[in-house]
């Protein structure tokens, strides 16, 4: 079920997306300005490139935000405790044994998102639901759920495909150790950030490490509860590599979008009565190219229609018969381009 907060976030992202598109589309592909009576400027804006760049940047920022907010590392530490730690354990047969756990969730760089204490863990359970997309002939998603007398806590970060009959892709790691000192006390203490390198290095030094499926996790936890061979069990659902992959992909998309904005082709035409020249400045991939034509060489300014698609472009016809296109065939509307042609003719009427 989607929470009201999630609905608000989705609405916010939609509004942000459409607001950005509207700001871009408010700009015209052609922009005609007259800074002074002797200068007329016609600027061709790369609107389509801006739209593509904005969409790429938007997707990139969404991936960056998702990678930062998502849980990529979840560590469950469980230990055996007794109701009265000062009792004589050898002579007391009725001492109650408790399994107390700590469940820590962090993002891909180790920033802790939640820290949950689970008192008197009773058992672990494997839940399944029908998969909407079939993969490797497995029709269900699976996840691990922890149960005590009061609560039901989901351990698995997200639904997965893993089963005993699928050998690939085991993402769970089970650590068994005989040291009664808390794993979280040892590695985390009162910090709000997990040192991922310290975490990984320390985990590799533990007594035993097992790669497991979700079904293995349930079996191991229940076996640990019923028959404690080790004092501590640590189980990790580790999607850190996926978090880094999403973050890097988002970062690359943002870089690509900025490159699109910077390198998009732009054209500026300057008609100057002071030096009687038409200056064409074009920027393609950051490189500038400038060409000048004398205004007296311009014999006519017309709208030319493409016979195939019915679209129009503005062209200058030079005395030698050469056609100099000021625009491409970018749409089928004629009013805006007719107005530009009239303004240029008025500006050049005394040339």
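The values are calculated or read from the model by the stated rules, or taken from the named source; none is laboratory data. Bear in mind that the values here come from a model prediction, so they are computed numbers and not experimental data. Every residue, glycine as well, gets a Cβ built from its backbone with ideal geometry; the counts of neighbours run over all protein chains shown.
What the table shows:
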{"quantity": "Test result for residue 314, in contact with a helix residue (DSSP H, G or I) (Cβ under 9 Å, 6 or more places away or on another chain), over 21 Å from residue 32 (Cβ atoms) and assigned by TED's automatic domain parsing to the domain that holds residue 34", "calculated": "no"}
{"quantity": "Test: residue in region 276-298 that is at pLDDT 85 or above, part of a helix (DSSP H, G or I) and in contact with a strand residue (DSSP E or B) (Cβ under 8 Å, 6 or more places away or on another chain)", "calculated": "yes"}
{"quantity": "Residues of region 275-308 that turn out to be surrounded by fewer than 12 Cβ atoms within 10 Å (Cβ to Cβ) and under 21 Å from residue 46 (Cα atoms), as a count", "calculated": "7"}
{"quantity": "Set 166, 157, 109: member being modelled with pLDDT under 60 and not in a strand (DSSP E or B)", "calculated": "166"}
{"quantity": "Within region 17-32, considering residues that are assigned to a helix (DSSP H, G or I) and touching a residue at least 12 places away in the same chain (Cβ under 8 Å), the one surrounded by the fewest Cβ atoms within 10 Å (Cβ to Cβ)", "calculated": "25"}
{"quantity": "From the options 146, 64, 121, residue that is in the same structural domain as residue 233 (by TED's automatic domain parsing), at pLDDT 85 or above and not in a strand (DSSP E or B)", "calculated": "121"}
{"quantity": "Unmet requirement for residue 104, which otherwise passes all of (1) at pLDDT 90 or above; (2) farther than 23 Å from residue 217 by Cα", "calculated": "(2)"}
{"quantity": "Top-ranked residue in region 218-251 [being more than 30 Å from residue 67 (Cα to Cα) and outside any helix (DSSP H, G or I); ranked as nearest to the chain's Cα centre (by Cα)]", "calculated": "232"}
